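Have a look at the structure below before the remarks.
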Amino acid sequence: MLDQKTIDIIKSTVPVLEKHGEKITTRFYQLMFGNHPELLNIFNHANQKQGRQQKALAGTVYAAAMYIDNLEAILPVVNQIAHKHRSLGIKPEHYPIVGKHLLLAIKDVLGDGATDEIIDAWAQAYGVIADAFISVESEMYEEAANQKGGWDGFRSFIVDRKVVESDVITSFYLKPVDNRGIAEFIPGQYISIKLEIESEHYTHIRQYSLSDAVGKDYYRISVKREAGTANPDGMVSNYLHDDVKEGDILNVSAPAGDFVLDTKKETPIVLLSGGVGLTPMMSMLKTVGEIQPERKVTFIHAAQNGNVHALREEVEELSALENITSFFFYDSPTEEDRLNNNFDVEGYVTGEWLKENVTTLDTDFYFCGPVPFMRAINRSLKDLGINEERIHFEFFGPKASIEA
Ligand code: HEM
């Protein structure tokens, strides 16, 4: 437990560090990767390049510091990050490395402003925050390893099937090489794939949502080909699309993530997705169709047009069930889309449309997609007076602000 004086120092210096937040974390990564280049095997180089990770880590350390005497209050945030850490294989021995370089970076950026007293207080605070993460994560490691079909770290999976779903999205059906069964997951969760690409010095780890129903003997991911092989996001997804073939082996970590559908509840649900954000929604839709067919589901998917619209047939098949209704929104339909009636609404999903077409009473809303899509949906739901507890969303990549 920290003493009151240390707590006071931490709380009074948070605004200063916040002001220099990104500068400190940018310096922190420079120093840490300089001394520990092996960590580049774990961190996402695309997030680094775009500064996304800098923002995520800085924000969380300061938020945690503000609650240093009541970390319970930020447990949901710790929990969500811990899922990601567990999926990546972050271990207790990594924490002192981060702590040491964070303090060095604070010293570097603040210069004389970083007195011994301040540095000592932050060292103690970091220790408390790190312990909170380590403790939540160790429980998650145990749970992942001990559940039926579960495992620790990365396990070899064979690409059993590779299916092109649209011009930009391809599915991979993955089965464990050891044939010993796989861990159950909750719809909405993701797995990490660790890729060893021949031309690359470091391994690359990426998270992909599971896109099929629970209870199969495989995991399915549906990957969007990102533009440009020069950017690291594009490099990994293009490698999966172009170079990974049926019969190849991929390293996979056990399912993780806290953006999940509660299948114990029976309330109506609305699943909204934009582009490749449909993957966790597919898992939710298919799972409900199989194990809760009496539950009312509205599935709304927005795509540019039919060429990039993946998994249409699977949604249409489920829409034949009495309780499942689906709507496809295209913002740039092709002539062929018009001829074949491929879509229901031309344009974007608006609050007005939701008000007129979706029941909001006691309904849970789940959404995932590009950031502008998520912001628009979030704003519309708030305007409709939907309680925050019934709004659930998932960002791909580090969390960004959803408030426009
Ligand atoms: C992801 C915070 C310790 C490695 C994240 C994210 C946050 C965060 C906010 C983004 C979560 C998301 O995208 O959902 C923290 C805090 C830490 C800590 C507050 C210390 C108390 C560590 C340690 C390591 C680590 C010790 C390993 C050396 C990573 C990696 C990611 C990540 C690899 C994935 C993002 C990427 O690759 O760009 N962390 N973290 N973190 N963290 Fe941590």
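The values are calculated or read from the model by the stated rules, or taken from the named source; none is laboratory data. On a predicted model such as this, the values are computed, not experimentally measured, just so you know. Cβ placement follows ideal geometry from the backbone for every residue including glycine, while neighbour counts extend to all protein chains displayed. Protein only, heavy atoms only, side chains kept; ligands, DNA and RNA dropped before computing areas. Shrake-Rupley method; radii C 1.70, N 1.55, O 1.52, S 1.80 Å.
Taking every DSSP beta bridge that has both ends in the chain, the antiparallel portion is near 55%. Beyond 17 Å, how much of the Cα-Cα pair distribution for segment 269-394 remains, as a whole percent? Summing the P(r) of segment 269-394 above 17 Å gives 54 percent of all pairs. Taking Cα centroids, how far is segment 65-102 from segment 253-297 in Å? Rounded to whole Å, the Cα centres lie 28 Å apart.
With contacts taken as Cα pairs under 8 Å and at least 6 residues apart, the chain reaches a relative contact order of 14 percent. Helix 278-291 and the longest principal axis of the Cα set of the chain meet at an angle near 60°.
Would you work out what percent of the accessible area of the chain, with all protein chains in place, is carbon or sulfur (probe 1.4 Å)? Roughly 50 percent, rounded to a whole number.
Rounded to the nearest 20, the Cβ-based charge dipole of segment 269-394 about its Cα centre (Lys and Arg +1, Asp and Glu -1) stands at 380 debye. For segment 111-167, the square roots a ≥ b ≥ c of the C-alpha gyration tensor eigenvalues yield an a/c of 1.5 or more together with a/b not exceeding b/c, which makes the shape oblate. Computed from phi, the 3J(HN,Hα) profile of segment 198-213 under the Karplus parametrisation 6.51, -1.76, 1.60 (θ = phi - 60°) reads 3, 7, 9, 6, 10, 6, 10, 10, 9, 9, 9, 5, 7, 10, 10, 5 Hz, with x in place of Gly and Pro.
Sorting 128-137, 283-292 by their mean Cβ neighbour count within 10 Å, with the most densely packed peptide first, gives 283-292, 128-137. Think of a 1.4 Å ball rolled over the protein heavy atoms: segment 160-206 then has 48 Å² of accessible area per residue.
Taken per residue, the accessible surface of segment 4-146 reaches 49 Å², heavy atoms only and a 1.4 Å probe.
The angle between the Cα long axis of helix 21-35 and the longest principal axis of the Cα atoms of the chain comes to about 80 degrees, rounded to the nearest 10. When only the Cβ of Lys, Arg, Asp and Glu is charged (+1, +1, -1, -1), the dipole of the chain relative to its Cα centre reaches about 520 debye. Working ranking of peptides 185-198, 236-249 by packing, defined as the average number of other Cβ atoms within 10 Å per residue, highest first, is 185-198, 236-249. Anisotropy class assigned to segment 113-256 is oblate, per the alpha carbon gyration tensor with a/c at or over the 1.5 cut-off and a/b no larger than b/c. Projection of the Cα convex hull of the chain, averaged over all directions and equal to a quarter of that hull's surface, yields 20.9 nm². Taking packing as the residue-averaged number of other Cβ atoms within 10 angstrom, the listed peptides 18-28, 383-393 run from highest to lowest as 18-28, 383-393. Our note on the geometry: Cα centres of segment 204-226 and segment 317-358, 25 Å apart. Here the ratio of the Cα radius of gyration of segment 264-341 to 2.2 N^0.38 Å is 1.11. Heavy atoms of the protein chains alone define the surface here; on that basis segment 269-394 has 45 Å² accessible area per residue at 1.4 Å probe size. In order along segment 348-365, the phi-based Karplus estimate (6.51 cos²θ - 1.76 cosθ + 1.60, θ = phi - 60°) of 3J(HN,Hα) comes to 9, 6, 10, x, 4, 5, 4, 4, 7, 10, 10, 6, 9, 5, 6, 9, 9, 10 Hz; Gly and Pro are listed as x. Rounded to the nearest 10 degrees, what's the angle between the helix 52-66 long axis and the longest principal axis of the chain, both from Cα atoms, 0 to 90? Relative to the chain, helix 52-66 is tipped by roughly 60 degrees. Comparing Val128, Leu102, Asn146 along the charge dipole axis of segment 102-156, the residue lying farthest to the positive side is Asn146, per the Cβ-charge model. A straight Cα-to-Cα reach below 23 Å connects Lys23 with the lysines Lys11, Lys49, Lys55, Lys100, Lys107, Lys399, residues fewer than 8 places away in its own chain not being considered.
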